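> Sharing a structure with you now.
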Amino acid sequence: MWFQDEARIGQKNGRTRIWAKKGTRPRLPADQRYQNAYLFGAICPMHGKGAGLVLPAVTTEAMQRHLEEISLHVARGSHGVVLMDRAGWHQTGRLNVPKNLTIILLPPRSPEPSSRLRGPFGATVAPQPVENVWQYLRQNWLSNRVFADYEAILDASCDAWNSIIAMPDTIRSIGWRDWAYAGR
């Protein structure tokens, strides 16, 4: 089972908490420019794997390329199920879904399919596990910085994605949802 989503990475970056001496107010960089790229990402928590692409826009063509990338990471002889939200480029009839994938669209405004919305240590758990991956990437590699240009955005996005992909246990920890694997 794969969970898929997109994240905008760019010069209007978020800010995260940082450690500072008590009583001080650390300065954080801020950028007023608007260049950005989109990180298309999918994770398979069961196997600690991911498939991602950094692309200039969210379009049907970009989604097609991402589905083809996910398809390459599905184990030979297996069939992948990809859960995703209902963005227009996810549900268009123009997508040619690879034969080893099936898309399941989440219901609109879908809550976590359990009463527990907090994960270990009180962390908020999003219904779509990739949302937690975006949060992790931003907290560890993408926030509190200014990108010099578009190439720097692309490089930082690729570096962040490659860093998380190199940590399969982190993917399992962030992405695991009991409801997704119930009855397995």
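> Of the listed peptides 83-94, 60-71, what is their order by residue-averaged count of other C-beta atoms within 10 Å, with the highest listed first? All intermediate terms of the calculation are to be shown ahead of the outcome.
Values: 83-94: 14.8, 60-71: 18.4.
Answer by packing, highest mean first, reads 60-71, 83-94.
> Further question on the same structure: Considering every Cα-Cα pair within region 143-184, what fraction, in whole percent, is farther apart than 12 Å?
On the way: 601 of 861 pairs.
So the portion of pairs separated by more than 12 Å is 70 percent.
> Report the residues of region 145-176 in range of a label on residue 20: point 7 Å along Cα→C-beta, backbone N strictly under 18 Å from it.
Of the residues in region 145-176, 145-146 have backbone N under 18 Å from the label point off residue 20.
> Quick one: length gained pulling residue 73 to residue 176 fully straight, 0.36 nm per residue minus the C-alpha distance? Each step should come with its number before you reach the end.
Details: separation 103, 0.36 × 103 = 37.08 nm, distance 1.81 nm.
Result: 35.3 nm gained on full extension.
> Sorting check: for 164-171, 52-59, which peptide has the highest mean count of neighbouring beta carbons within 10 Å, and how do the rest follow?
The peptides rank, most packed first, as 52-59, 164-171.
> Name all residues of region 50-82 having a backbone nitrogen under 17 Å from the label point set 7 Å from the Cα of residue 92 along its Cα→Cβ direction, giving them as ranges.
55-69
> Treat the count of other C-beta atoms within 10 Å as a stand-in for reagent exposure and order 150, 181 from fewest to most.
Values: 150 15, 181 11.
If I rank by nearby Cβ atoms, fewest first, I get 181, 150.
> Here's a follow-up. Quote the FRET efficiency, to the nearest 0.05, computed for residue 162 versus residue 60 with a Förster distance R0 of 22 Å and r equal to the Cβ-Cβ distance. Working shown, then result.
Working: r = 26 Å, r/R0 = 1.18.
Rounded to the nearest 0.05, the efficiency is 0.25.
Bear in mind these aren't lab numbers, they're just calculated from the coordinates by the rules spelled out. The model shown is predicted, which means the values in this text are computed figures rather than measured ones. We place every Cβ from the backbone using ideal geometry, glycine too, and count neighbours over all the protein chains shown.
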